[in-house]
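Below is one structure; the comments refer to it alone.
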Amino acid sequence: MAPFSKVLVANRGEIAIRILRTLRELGCSGVAVYSEADRGALHVSFADEAYAIGPGLPAESYLNAERILETARRAGAQAIHPGYGFLAENAEFARACEGAGIVWIGPPPEAIEAMGSKIAARERMRAAGVPIVPGTTEPLESAERLVAMGEELGWPLAIKASAGGGGKGLKVVRSPEEAERALESARREGEAYFADATVYIERYLEDPRHVEVQVLADAHGNVVHLGERDCTIQRRHQKLVEETPSPAVDAPLRERIGRIAVDAARAVGYRSAGTIEGLLSREGEYFFLEMNTRIQVEHTVTELVTGLDLVREQVLIAAGEPLGFGQADVRLSGHAIECRINAEDVAAGFLPSPGTITAYREPGGAGVRVDSGVAAGSEISPLYDPMIAKLCVHGTDREHARRRMLRALDEFVIEGTPTLLGFHRALLSHPCFVEGETCHGLVESELLARRAAELERPVGAPAAAGPPLDSRRKEVELDGRRFTLTLLEPEAPWLELARARRERVLRGGRAGAAADAVVSPMQGTVLAVEVRDGDGVRAGQVVCVVEAMKMENEVHAHRDGVVSGLAVRVGEPVTTGQVICLVAQEPVEPSASSSALGRSG
Ligand code: MV4
């Protein structure tokens, strides 16, 4: 018997498809919804029925609670699965579903709320005996209090937004001098993104691992954990690679953090699939960070080592069924790794690069799983997350899985937009990853970006250096044996011009001033301007703060000098490559060199 006759999936892309697949296996009819921009999207054709939820801003369609509920009623759906993002952690929507007699395939709204405020969640966990990172469990009111906490706990400290999560709004404060400015910035960010300037303090742990524990809880008081996922490899709090088991967790530690996760879930009366996020310090201490009250992007690696279908478990739990197994039945087998294949340009600082996928072929074979929402001809829209696919592999041990991932990355063909395929090839073959270290700093490094660019090219194509050559590959048979030839021909003359123009744009567009120009590395809005014309600045000093992708990004002076031509104001938009100001190196007389920059302090 199917647990529900019909279920609406309030999401798009790979996760909508992933949920629709499970619904099909369960014998439930699957209903898709789609925005105007997603009329031709793949998830629509995976469903038994599909409904438009435009008009309105396409990005906001999947956030339109009323419209989605109305669609569920119209379609006769008995339940709604929210996937991740959008309405997944919206307690009000969960309540509205239940109020409308539609089953919410997710946790109780009270559990979402309890974990929504990070400060309240910390207090709740502390009271339940769950270890939290040392710091405050009430709002931070002043820079003086921050300085006092630094004296008590030791520097550095972390300031975090109570309404945030996933590291959004995290500021590191390394000394009392930085307190005021960091607090101001953290508050501004909290206000801008969550309409809540409430912040709190934690001791800042150096070089920690991000280790999270998957839990499942049913409506009958059964709670089990399914082991951990190591998500240490991230960039600007965006996870890039996840794996299980963690290279830093052995069986006794797994049992300990598993128990912590089960305690945390019980403390908020949890039900459904959820994740306890934590930090594992170099000394082996484990601290609760926050709980994700949803199915996560990286749940797939847990599925590979447990053999479970977590979405199936969510649906059955929502239908009131008890878990069909206990903790002792959970067997973790082998090692799984996930690489997120995003449409991002590593060379341009992981800039999202929407566009049309012109060619697409997924890898396959033993131990390979691809979850994707695209095919050849699909548009990667600038309105949504630029993730093209999740590439997961399963092997007998970590090294087996790593090599299998490298093989699968080589099989993956995606053309039309830059992707992270080259980045993952570079990262997974780096000794740091091979050794299972934290790789902090490596992800951002110029070295890896260069290596990634080399590995993005088709196999056999020349790297940089030498005269520009256009390469084309050709399959030939020579005396009955197959060869792949790489034809190296001079590139078309216009390509040189196009490249020169691109470089000019990147430098700020004004040839003479190019070396002086501080340019915006991204499109966004100016949140703060920290310098004035005539100011002396040091290399690395903050010139302005640009908000993009809901994150604050500091734009720094690239060298010592004096500011002129300041061309931005608070609240104004800036585009990628736009000149923010010039930092000219003044002719410095030998005797006056130490005072030439006097005003920068
Ligand atoms: C921290 C931290 C150090 N100390 N909190 C939080 C969410 C996650 N996305 C990053 N977070 C961090 N919180 C304290 N008190 C360092 C990070 C962090 C991090 C942690 C593990 C692995 C990679 C990381 C990358 C950046 C920041």
Could you figure out which of (1) away from the ligand (no atom under 16 Å from the Cβ); (2) within 25 Å of E303 (Cβ to Cβ); (3) of a type outside the set (A, V, I, L, M) isn't true of R187? (2)
Here is a list of conditions, (1) surrounded by fewer than 18 Cβ atoms within 10 Å (Cβ to Cβ); (2) at positive phi; (3) touching a Gly at 6+ places or on another chain (Cβ under 7 Å), and G85 meets all of them except one; can you say which number that is? (3)
Being within 16 Å of the ligand (Cβ to nearest atom) and either under 17 Å from D263 (Cβ atoms) or polar (S, T, N, Q) (or both) is the filter here; which residues of region 207-223 pass it? V211, E212, V213
Tell me, which helices (runs of 4 or more DSSP H) lie completely within region 250-336 with 3 or more residues that are farther than 19 Å from V211 by Cα and open to solvent by less than 30 Å² (accessible area, probe 1.4 Å)? 310-318
List every residue pair whose Cβ atoms sit under 7 Å apart, with the two residues 6 or more apart in sequence or on different chains, where the first one lies in region 537-555 and is free of Cβ contacts under 8 Å to residues at least 24 places away in the same chain and the second, anywhere, is open to solvent by 50 Å² or more (accessible area, probe 1.4 Å) and assigned to a strand (DSSP E or B). G540/H556; V542/E554; V542/H556
State which residue is farthest from V519 (Cα to Cα) when the search covers only region 542-559 and only residues that are part of a loop (DSSP other than H, G, I, E, B) and open to solvent by 60 Å² or more (accessible area, probe 1.4 Å). K550
Region 100-128 residues that are without any contact (Cβ under 8 Å) to a residue 24 or more places away in the chain and of a type in the set (D, E, K, R), paired with ones that are assigned to a helix (DSSP H, G or I) and open to solvent by less than 20 Å² (accessible area, probe 1.4 Å) (beta carbon under 6 Å, 6 or more apart): E113/A91
Could you check region 126-181 and list, in sequence order, the residues that are crowded, with 20+ Cβ neighbours inside 10 Å and among the basic types (K, R)? K160, K171
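Looking only at residues that are among the basic types (K, R) and either without any contact (Cβ under 8 Å) to a residue 60 or more places away in the chain or within 16 Å of the ligand (Cβ to nearest atom) (or both) in region 278-333, which one is nearest to A88 (Cα to Cα)?
The qualifying residue nearest to A88 (Cα to Cα) is R294.
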Name the residues in region 563-577 that are over 12 Å from V526 (Cα atoms) and surrounded by 21 or more Cβ atoms within 10 Å (Cβ to Cβ), would you? V563
For F412, all conditions in the list (1) modelled with pLDDT of 95 or more; (2) within 15 Å of E344 (Cα to Cα); (3) not basic (K, R) hold save one; what is the number of the exception? (2)
Name the pairs whose Cβ atoms lie under 8 Å apart, with the first residue in region 31-51 and over 18 Å from T356 (Cβ atoms), the second part of a helix (DSSP H, G or I) and among the basic types (K, R), and 6 or more positions between them or separate chains? F46/R21; Y51/R74
Taking region 229-257 and keeping only residues that are within 15 Å of the chain's Cα centre (by Cα) and aliphatic (A, V, I, L, M), one is left with I233, L240, V241
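Check V211, V241, V215 and return the single one that is open to solvent by less than 20 Å² (accessible area, probe 1.4 Å), under 25 Å from G334 (Cβ atoms) and touching a His at 6+ places or on another chain (Cβ under 6 Å). Before the answer, list the steps.
Details: V211 fails: touching a His at 6+ places or on another chain (Cβ under 6 Å); V241 fails: touching a His at 6+ places or on another chain (Cβ under 6 Å).
Testing whether each residue is open to solvent by less than 20 Å² (accessible area, probe 1.4 Å), under 25 Å from G334 (Cβ atoms) and touching a His at 6+ places or on another chain (Cβ under 6 Å) leaves just V215.
The values are calculated or read from the model by the stated rules, or taken from the named source; none is laboratory data. These numbers come from a predicted model, not from an experiment. Positions of Cβ are backbone-derived with ideal geometry, glycine not excepted, and every protein chain shown enters the neighbour counts. Only protein heavy atoms, including side chains, enter the accessible area calculation; ligands, DNA and RNA are left aside. Shrake-Rupley method; radii C 1.70, N 1.55, O 1.52, S 1.80 Å.
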